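Comments concern the structure below.
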Amino acid sequence: MSMPFGYASPEQIMRDKADYARKGIARGRSVVVLQYVDGILFVAPNPSKALHKISEIYDRIGFAAVGRYNEFEELRLGGIRYADINGYTYDRSDVTGRGLANLYASNLGRIFTDSIKSLEVEVVVAEVGDGPDGDAIYRLTFDGSVFDEHGFAAMGGQAEAVSTRLKERYRESMSLSAALEVALAALTEPGGERPPVTQLEVAVLDRNREHRKFLRLTGSRLERLLPSADASAPAPAAEEGEKPPPTGPEGDVDDGSSPL
Amino acid sequence: MASHRDLPAGLRDQLFHNTGSSSFTDFVGSYAPELLPLRNEVLATPIGDQVPHATTIIAATFAGGVVMAGDRRATSGNIISQRDVEKVFRTDDYSCMGIAGTASTGIEMARLYRVELEHYEKLEGRTMSVAGKANRLATMIRGNLAMAMQGLVVVPLFAAYDPAADAGRIFSYDVAGGPYERERFDAIGSGSIFARGSLKKLYRDGASADDMAMTLIQALYDAADDDSATGGPDVTRKIWPIVSVVDADGFRRLSEEQVTGYVERMLEARLISPDGPIAPLR
């Protein structure tokens with residue numbers, strides 16, 4: 001059977017798009033989202049003070065993203081508009097993380113099928129409930145798939161390695177400082193150096209706060225939560241002696257200096 | 001931009017369309033204009049007297065902040081339509097507003113204004129300046145001018161903590177907008193004349209938040225004393241004014257017990273001298 005010149009099967013096109021998006025996402029640094037006793041913690045190594053990877057969407061809903069800044073910024077702004085318009089139309093309690101995750105999923109999915117280039121982003125929508133049972137962490141990938149994560153999620157950069165380290169250390173109902181310690185340990189390669197406080201973007205959704213649960217942790221408030229440098233926990237025994245997994249992502253390392 | 005009603009179900013592209021404006025009101029106006037409290041409708045007859053009216057709101061600055069208080073009465077003509085209405089609203093962490101005039105439009109406006117401030121803060125990643133907040137509210141009031149001419153008047157009083165000056169600031173408005181920044185104190189609503197007269201004599205520069213809250217309770221009592229539309233403390237039902245403080249620690253509404261304390265102290269003193277504290281002559 002003769003094929004027209006330049007023909008590519010739909011399967012091939014989808015595969016190429018997915019590969020392209022995956023490469024773009026792996027180029028950046030990882031972001032970690034996990035549950036702690038009073039809510040949900042977001043941690044992102046991010047040297048830029050201006051370009052946030054973590055943001056407030058609504059009273060109980062937070063947002064974290066990796067990948068292309070301009071692309072996830074559009075998603076963030078759209079999410080805020082969605083949440084505010086629904087909270088204003090109905091009631092503030094009628095805005096849910098699930099609704100927002102569905103909106104993102106349908107948009108990501110449509111862009112993945114319709115456009116030549118899919119979005120090179122991965123997004124977490126997290127919602128804090130009245131108790132730990134009410135917490136929800138949704139992870140969305142570039143093709144619009146939604147993953148309902150339990151307890152923690154890692155994305156971007158060497159997401160699998162980070163996720164493995166996170167899984168080993170994660171416990172239920174950790175204190176905030178313990179959860180931060182776990183997040184930083186997961187974000188640091190074995191034997192690697194931790195990012196300095198000034199290059200960390202940290203925020204929480206704290207269920208005990210009034211009105212708006214989202215709070216950025218910066219400056220001295222963050223330093224107090226961090227363990228002192230010499231007291232940092234040794235790597236778990238399982239990893240000792242093993243050759244560390246390959247860590248250098250393909251392409252340029254995202255140092256946050258470029259908006260792209 | 002068309003209303004969302006014109007789009008096929010499930011298509012919500014306008015949410016992701018960047019208009020270049022961080023204003024929630026502008027966004028609602030293009031996305032779902034029927035949701036805005038600011039409408040240009042022509043009523044067959046003015047309905048001013050038939051809908052509940054919110055009455056007196058007062059605010060005064062103290063050292064490092066501002067206190068706002070409102071009585072609890074809503075009236076329609078000569079009828080008391082509600083005894084425990086709430087007319088002082090938190091608008092963001094460092095500001096609050098009180099409304100006088102048509103209660104329903106005012107409450108809707110306060111709700112919209114809160115989202116407006118928060119929307120800007122989330123989109124821009126910074127808090128709006130106090131002057132910016134005051135100006136946004138002015139635009140909103142001006143948008144209601146057509147309805148105000150038909151009897152649905154809403155006039156707010158806006159108070160905010162300004163971190164740049166480490167002080168409270170008060171802004172008042174008229175039916176066509178504003179803002180007019182007020183030094184020290186201001187009052188709006190039917191009882192405002194009497195409250196302002198009382199505040200003029202009782203206000204002390206550099207007072208504490210505690211003293212200023214007491215001053216406002218006194219002024220509200222004086223307003224209720226002379227204005228039939230302003231509700232005094234309802235002793236039998238235990239309904240007291242709403243008192244809110246905004247300072248460097250943010251907005252907080254005083255608890256029921258705290259306000260009860262102020263009101264009981266005031267009532268006790270008024271049993272002896274019904275006209276309240278006497279300002280020194282010289």
Practice task
For A:N46, list long-range residues whose amide hydrogen, built 1.01 Å from N in the peptide plane, is under 5 Å from its own amide hydrogen.
Solution key: A:L200, A:E201
Exercise for the section: Enumerate the amide H contacts of B:V51 below 5 Å, restricted to partners 5 or more residues apart or on another chain; note that Pro and chain-start residues carry no placed amide H. Expected result: none
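Contour minus end-to-end for B:K200 and B:E34, with contour as 0.36 nm per residue of separation and end-to-end as the Cα-Cα distance?
Numbers: separation 166, 0.36 × 166 = 59.76 nm, distance 4.28 nm.
Full extension from B:K200 to B:E34 adds 55.5 nm.
Based on the Cβ-Cβ distance from B:Q258 to A:F5, what FRET efficiency comes out when R0 is 60 Å, to the nearest 0.05?
On the way: r = 81 Å, r/R0 = 1.35.
Once rounded, the FRET efficiency stands at 0.15.
Going by how many other beta carbons lie within 10 Å of each one, how would you line up A:F42, A:F147, fewest first?
Sorted ascending by nearby Cβ count, the order is A:F147, A:F42.
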Problem - Extended-chain gain in nm, criterion 0.36 nm per residue less alpha-carbon gap, B:S76 and B:S104 - result: 8.9 nm
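Would you mind checking B:K87/B:K133; A:K23/A:K213; B:K87/B:K122; A:K49/B:K87; B:K133/B:K238; A:K17/A:K49 for any pair whose Cα atoms are more than 28 angstrom apart?
On the way: B:K87/B:K133 19 Å; A:K23/A:K213 34 Å; B:K87/B:K122 26 Å; A:K49/B:K87 39 Å; B:K133/B:K238 35 Å; A:K17/A:K49 32 Å.
Beyond 28 Å: A:K23/A:K213; A:K49/B:K87; B:K133/B:K238; A:K17/A:K49.
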Exercise for the section: May I ask for log10 I(q)/I(0) of chain A at q = 0.08, 0.09, 0.16 Å⁻¹, from a Debye sum over the Cα atoms as equal point scatterers with solvent left out? Expected result: -0.33, -0.41, -1.22
Practice task
Bin width 5 Å, alpha-carbon pairs only: give the P(r) of chain B as whole percents, running from 0 to the bin holding the largest distance.
Solution key: 1, 6, 12, 16, 17, 16, 12, 9, 5, 3, 2, 1, 0, 0, 0
Practice task
Please list the radius of gyration and Dmax for the range A:104-150, considering alpha-carbon atoms only, with Å as the unit.
Solution key: 12.8, 43
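If a/c stays under 1.5 just call it rounded; otherwise compare a/b with b/c (prolate if a/b is bigger, oblate if not). Do that for the range B:123-262, with a ≥ b ≥ c from the square roots of the Cα gyration tensor eigenvalues. Walk me through the numbers before you get to the answer.
Values: a/c = 1.78, a/b = 1.19, b/c = 1.50.
Taking the square roots of the gyration eigenvalues as a ≥ b ≥ c, the range B:123-262 is oblate.
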Problem - Dimensionless Rg/Rh of the range B:80-166 - Kirkwood Rh, Rg from C-alpha atoms - result: 1.00
Practice task
Report the FRET efficiency, 1/(1 + (r/R0)^6), for A:T89 and B:D226, where r is their Cβ-Cβ distance and R0 is 56 Å, rounded to 0.05.
Solution key: 0.85
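Within 10 Å of each Cβ of B:119-125, how many other protein chain Cβ atoms are there on average? Could you put the intermediate results ahead of the total?
Values: counts 6, 0, 3, 14, 6, 0, 6.
Shielding by partners across B:119-125 averages 5.
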Exercise for the section: For A:K167, go through the lysines and keep the ones whose alpha-carbon is under 21 Å away, minus same-chain ones fewer than eight residues off. Expected result: A:K243
Fill in the blank from the handout: Here FRET efficiency (C-beta to C-beta, B:E181 to A:S115, R₀ 56 Å, nearest 0.05) is 0.65
Fill in the blank from the handout: Once phi for every residue in the range A:47-61 is put through the Karplus expression 6.51 cos²θ - 1.76 cosθ + 1.60 (θ = phi - 60°), the whole-Hz ³J(HN,Hα) values, with Gly and Pro written as x, are x, 7, 7, 9, 9, 7, 9, 10, 8, 8, 9, 8, 2, 10, 10
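Does the range B:179-240 come out rounded, prolate or oblate by the C-alpha gyration tensor, with a ≥ b ≥ c the root eigenvalues, rounded set by a/c under 1.5 and, if not, prolate when a/b is larger than b/c and oblate if not?
oblate
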Completion exercise
If amide H atoms are modeled at 1.01 Å from N in the peptide plane, then the residues at a separation of 5 or more from B:G191, or on another chain, having amide H under 5 Å from its own are B:T56
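When a footprinting reagent is the concern and you count Cβ atoms within 10 Å, what order do B:F251, B:F158, B:F16, A:F5 take, fewest first? Don't jump to the answer; show the numbers that get you there.
Details: B:F251 23, B:F158 29, B:F16 17, A:F5 5.
Taking fewest neighbouring Cβ atoms as first place, the list is A:F5, B:F16, B:F251, B:F158.
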Exercise for the section: Could you order peptides B:126-132, A:157-163, B:168-174 by the average number of other Cβ atoms within 10 Å of their residues, highest first? Expected result: B:168-174, A:157-163, B:126-132
Fill in the blank from the handout: Residue by residue through the range A:190-204, the couplings from Karplus 6.51 cos²θ - 1.76 cosθ + 1.60 with θ = phi - 60°, in Hz, x for Gly and Pro, are x, x, x, 9, 6, x, x, 3, 5, 10, 10, 10, 10, 8, 10
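Assigning unit charges at the beta carbon (Lys, Arg +1; Asp, Glu -1) and nothing else, what dipole magnitude in debye, to the nearest 20, does the range A:153-200 show about its Cα centre? All intermediate terms of the calculation are to be shown ahead of the outcome.
On the way: 5 positive and 6 negative charges, 16 e Å.
In total the dipole reaches around 80 debye.
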Practice task
Would you kindly derive the ³J(HN,Hα) couplings of the range B:96-103 from the backbone phi angles with the Karplus curve 6.51 cos²θ - 1.76 cosθ + 1.60 (θ = phi - 60°), listing them in order in whole Hz, with x for Gly and Pro?
Solution key: 8, 9, x, 10, 10, x, 4, 5
Practice task
Give the span of the range A:1-90's Cα atoms along each principal axis, as three whole-Å numbers ordered largest to smallest.
Solution key: 62, 36, 28
Handout entry: Rounded to whole Å, sorted largest first: equivalent-ellipsoid semi-axes of the protein assembly as shown, Cα gyration tensor
Key = 52, 29, 18
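Just so you know, all these numbers are worked out from the coordinates, no wet-lab data involved. Please read these numbers as outputs of a predicted model, since none were measured by experiment. Note that we place each Cβ from the backbone using ideal geometry, even for glycine, and neighbour counts take in every protein chain shown.
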